[in-house]
Amino acid sequence: MSPSGKPRMSREHALRLLRDMLRARRFEERCVELYTQEKIRGFLHVCIGEEAVGAGVMFNLTEDEAVVATYREHGHALLKGISMERVMAEMYGKVSGCAMGRGGSMHLFDADTRFFGGNAIVGGGIPMAVGLALADKMQGRTRATVCFFGEGAASEGVFYESLNLAALWQLPVVFICENNHYAMGTPLDVEHARGEVYHKSEAIGVPSERVDGMSVVQAEAAARNALDAARSGKGPRLIECDTYRFRAHSMFDPQLYRDPAEVEAWKEKDPIVRLADWMAQTGLIQEGEREALEKEITEEIDQAVQFAENADWEPPETLHDYVSLPLPSPLAPPPAPESEPSQTSMREAFNRGLQEALEHDERVFLMGEDIGRYGGCYAVTRDLFAEFGADRVRDTPLAENGFTGAGLGAALGGMRPIVEIMTVNFSLLAMDQIVNTAAALLHMSGGQFNVPVVIRMATGAGRQVAAQHSHSLENWYTHVPGLRVLAPATVEDARYMLWAALQDPNPVLIFEHVMLYNHTAELTPQPQGVDIEKAAIRRTGTDITLITYGGSQYKALEAAEQLAAEGIEAEVVDLRVLRPLDTDTLVESVARSHRAVIVDEGWKTGGLAGEVMAILNERAFWELDAPLARVCSEEVPVPYPRHLEQLVLPRVEQIVEAARRTLGEKP
């Protein structure tokens, strides 16, 4: 490095930077042509004009350092080392692509080079990068993670949440803001009250600078310093690169929002021309070398296009591959099961499961709001902070999308995070990360990146805390392929489900009903653990089946006892696993009883009860002697007064009455 902080530019160094920018530029120019020929479809966002940022930053990376990018990531993918053939095949949607054709232009992935993808959600990759850096720090590594995003992402709340986490925990992550002045078509001064993104970052506590993003030399020098700081334990850095895209936001963009004269003015600052002219003036490039470079790159692109043209489409029979990975078989038993039965509350059982996981798997850590020093909103994590310390029981800011996304990144980085969201209503703030990333990443990456994270949250009503803390929204998540959704309702499941969930290579959501935390029962030791694939029959019967889960289970059991007093034997099935549903157990039970009532604390419209009814109609219609029935919550937000709250929720008398009506139907 020179005293000015700029890299000393050797001939080889300068040629490498020029070649890198030219490869990205020419590749995307060919992609534009192919798009007009309908070879590439969907959205196509090119970074033509912005190549200096990616080339300068990526020049400084080591092979094992991770990159998280945006949907304008083609150049970044090439510069990280993914072959042009595989990138082009992905643009075509072919099975030989870097994500098996499942991601396309906006979702390039490669596990071998640790390229964690483009991300079509603006700002969606920022918390992932934070989590990858957290995993590296917790595992004692000295490498950095680089995260690219545009200035539009600095309008998103997750930008602030993520940078705050990185600053709080002094994580080795370098944020690169590619400020091209238009988030899509909205100019910077309309989008931001203060347009300098680096000032926002500095206010959070992340050291930042702004550089000329049309100068590959400035971009490289700034990145070199930032990466050195991150690797040496000095925490995160942000570089705002002032740049410009010469072409439209995407191929659908008519560019009505900017003056052509403005575009032409920026083209005068073309980073490729700028570097090439300087190299010619200083004798760093000889006559004919530029032409030779162009010829070499053209041949590489031609070969990549031919490869993509000749590549196969993925066969239809593999459509359902990479939605989720299978559970290990058999699951490892819990390492420290109880030796004797004991009276235990659900709260104590959950706590013991967490303690066991922390004690016996060094990759496990907890993160969430008030789980450490406070002991958890529902006291489930009490005493764990004192036992395991702040590094493994991490209090987070009130930033659900940010810390949930960081949990996903940490899982991708080799850890086994257990993320606690205080209540299901708050999980809606993190739904982007859960649905758009955790559930979809395995499929979008063609099976390369699974997300083994466990997310716990309280659900349900009964505590008089009104509508924003009381709903049962677990059904919203059961709609999403790629997730496993669990609802423990017994002390055994509360105690042992977690150990099984931590072995699942897929994201697992655990919904804990608030009214069960104080429920106490005899805990029967389960030395082999519990099943997280099967429903459980909690009471046998042959006259009718009551299907339920979570907080409604004990209402169903009480209803079954009342029916038994009338000579009606009801079988009670605890779903336990809400996705994927164990339909075999449901069908087998209905085949014995020929009638069923589904009890669900969620709302009726679009609810889980309706899904179960549809499955039974499809698979067990000829076994039914009467129409199916359901008991659900009233379709109003949960009210505060106790008498109204109880009227909203399924009640024992409603379950009994529904069973009687069903039994009264003639076959």
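The values are calculated or read from the model by the stated rules, or taken from the named source; none is laboratory data. A quick note: this is a predicted structure, and the numbers were derived from the prediction, not measured. Here the Cβ is made from the backbone with ideal geometry for all residues, glycine too, and neighbour counts use every protein chain on show. Areas reflect the complete protein model, heavy atoms only, side chains present, ligands, DNA and RNA absent. Shrake-Rupley method; radii C 1.70, N 1.55, O 1.52, S 1.80 Å.
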Discussion item. Looking at the chain, identify the longest residue range that excludes and avoids all chymotrypsin sites (Phe, Trp or Tyr not before Pro) in DSSP loops having at most 11 other Cβ atoms within 10 Å.
Written reply: 314-667
Discussion item. Tell me which GluC sites (Glu not before Pro) from region 339-438 have a DSSP coil assignment and no more than 12 other beta carbons within 10 Å of their own.
Written reply: Glu362
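For the chain, which longest stretch is free of loop sites, where a loop site is one of the trypsin sites (Lys or Arg not before Pro) that DSSP puts outside H, G, I, E and B and that has at most 11 other Cβ atoms within 10 Å?
Working: sites that count: Arg8, Arg194, Arg373.
After excluding every exposed loop site, the longest remaining stretch is 374-667.
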Worksheet item: Residue by residue through region 581-592, which ³J(HN,Hα) values in whole Hz follow from phi under the Karplus form 6.51 cos²θ - 1.76 cosθ + 1.60 (θ = phi - 60°), with glycine and proline marked x?
Response: 5, 7, 6, 4, 4, 5, 5, 5, 5, 5, 5, 7
Response to the item:
Sorted by chain and then number, the residues having a modelled amide H within less than 5 Å of the amide H of Arg394, at least 5 places away or on another chain, are Leu366, Met367, Gly368
Fill in: region 240-334, accessible area per residue, ligands and nucleic acids excluded (1.4 Å, Å²)
62
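So what's the back-of-envelope 222 nm ellipticity for the chain, counting only DSSP H runs of four-plus at -39500 (n - 2.57) apiece and dividing by all residues, rounded to 500?
Calculated mean residue ellipticity at 222 nm is -11500 deg cm²/dmol.
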Item to complete: State the Cα centre-to-centre distance between region 384-452 and region 230-254 in whole Å.
Response: 25
Worksheet item: So which GluC sites (Glu not before Pro) in region 1-84 are both in a DSSP loop and have at most 11 other Cβ atoms within 10 Å of their Cβ?
Response: Glu38, Glu63
Worksheet item: When we measure straight from the Cα of Lys94, which lysines land under 23 angstrom away, once same-chain ones fewer than 8 places off are left out?
Response: Lys39, Lys80
Discussion item. Could you report region 519-657's accessible area per residue, 1.4 Å probe, as an integer in Å²?
Written reply: 43
Fill in: DSSP-assigned coil residues among GluC sites (Glu not before Pro) in region 559-624, each with at most 12 further Cβ atoms within 10 Å
Glu566
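Please compute the contact order of the chain in relative form: average sequence separation of alpha-carbon pairs under 8 Å and at least six residues apart, divided by the residue count, as a percent. All intermediate terms of the calculation are to be shown ahead of the outcome.
Details: 1467 pairs, mean separation 79.4, N = 667.
RCO, the chain: 12 percent.
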Item to complete: Just name one of Met58, Leu18, Val32: the one whose Cα is farthest towards the positive end of the charge dipole of region 1-82 (beta-carbon charges, Lys/Arg +1, Asp/Glu -1).
Response: Leu18
Worksheet entry | All aspartates and glutamates inside 16 Å of Lys269 as judged from Cα atoms, apart from same-chain residues fewer than 8 positions distant | Glu50, Glu51, Glu178, Asp212, Asp242, Asp277
Fill in: Range of Cα positions in the chain per principal axis (Å), largest first
98, 54, 47
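Over region 303-424, calculate the relative contact order: mean separation of alpha carbon pairs under 8 Å at least 6 apart, over the residue count, as a percent. Before the final figure, lay out the partial values.
Values: 114 pairs, mean separation 27.9, N = 122.
Rounded, it is 23 percent for region 303-424.
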Worksheet entry | Reachable lysines, given that their alpha-carbon falls under 22 Å from the alpha-carbon of Lys534 and they are not under 8 places away in the same chain | Lys555
Discussion item. Whole-Hz ³J(HN,Hα) for each residue in region 533-541, computed from phi via Karplus 6.51 cos²θ - 1.76 cosθ + 1.60 with θ = phi - 60°, x for glycine and proline: what do you get?
Written reply: 10, 10, 6, 10, 8, 8, 7, 8, x
Practice prompt. Please identify which residues in region 137-166 have an amide N closer than 16 Å to a label point set 7 Å out from the Cα of Leu188, following the Cα→Cβ vector.
Written response: 149-155
Practice prompt. Using a 1.4 Å probe over the heavy atoms of the protein chains, calculate the carbon and sulfur portion of the accessible area of the chain as a whole percent.
Written response: 51
